[in-house]
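The values are calculated or read from the model by the stated rules, or taken from the named source; none is laboratory data. Owing to the predicted nature of the structure, the values given are computational and were not obtained by experimental measurement. For neighbour counting, all protein chains shown are included, and Cβ atoms are generated from backbone atoms with ideal geometry for every residue, glycine included.
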Amino acid sequence: MAPIEVFFGAIVLIFALIGLVRGFLRELGVTTVLMFLLFFLSRFEPQLDKGMVKLMSTSSLPAVERDLWQCIVFVFAISAAAFVSYQGETLSFGGQPPRGAQAVILGLVTGLLNGYLIAGSIWFYMHKFGYPIAFMGFSAATLSGFAQGLIDYLPMSFLGQPVLLGQSLLLYLSGLLIMARVIR
């Protein structure tokens, strides 16, 4: 079993290769969808948490199973948005695709960003709920010092913090991506 940071890095690298194959303009469409989803989750997460806790408190589920179901809901939302963003007709940016080395670099970078957004957000919610999904033996107790340090740089921890006027960086990045899409 590899440490979670190796697993996380492998997923990010796989998305980098996907970005290389799909191209920069298509990957920016996925980035836009993911940014808006993460903004929505960061903005409404407290209300979603309260609603799910209230809904589950009417059942006889133990707290551990409640954490499991809450984690599943957030992981499913991120996975579904990623699947829909990559599947079929996607939101892609217009314009002439870059050529040569520029195309390779931009495709890899946007693929890395999308991998970071997807894998990092799933890791964030697994950590938040105490790794309730028994997946490859990951748990808070088995995290290395490096992995514990990376948690502060996961998308929801890093980009979801209020920056300006009480809004998260995710809102501003999402807005910039939409403006770039419209201007193109």
- Item | Residue, modelled with the highest pLDDT, within the stretch 1-29, restricted to residues that are more than 30 Å from Ser144 (Cβ to Cβ) and part of a helix (DSSP H, G or I) | Val21
- Take the residues of the stretch 14-58 that are β-branched (Val, Ile, Thr) and within 30 Å of Arg99 (Cα to Cα): which is surrounded by the most Cβ atoms within 10 Å (Cβ to Cβ)? Val30
- Message: Tell me which helices (runs of 4 or more DSSP H) are completely within the stretch 85-184 and hold 1 or more residues being modelled with pLDDT under 70 and exposed (fewer than 14 other Cβ atoms within 10 Å of the Cβ), or say none if there are none.
- Response: 169-183
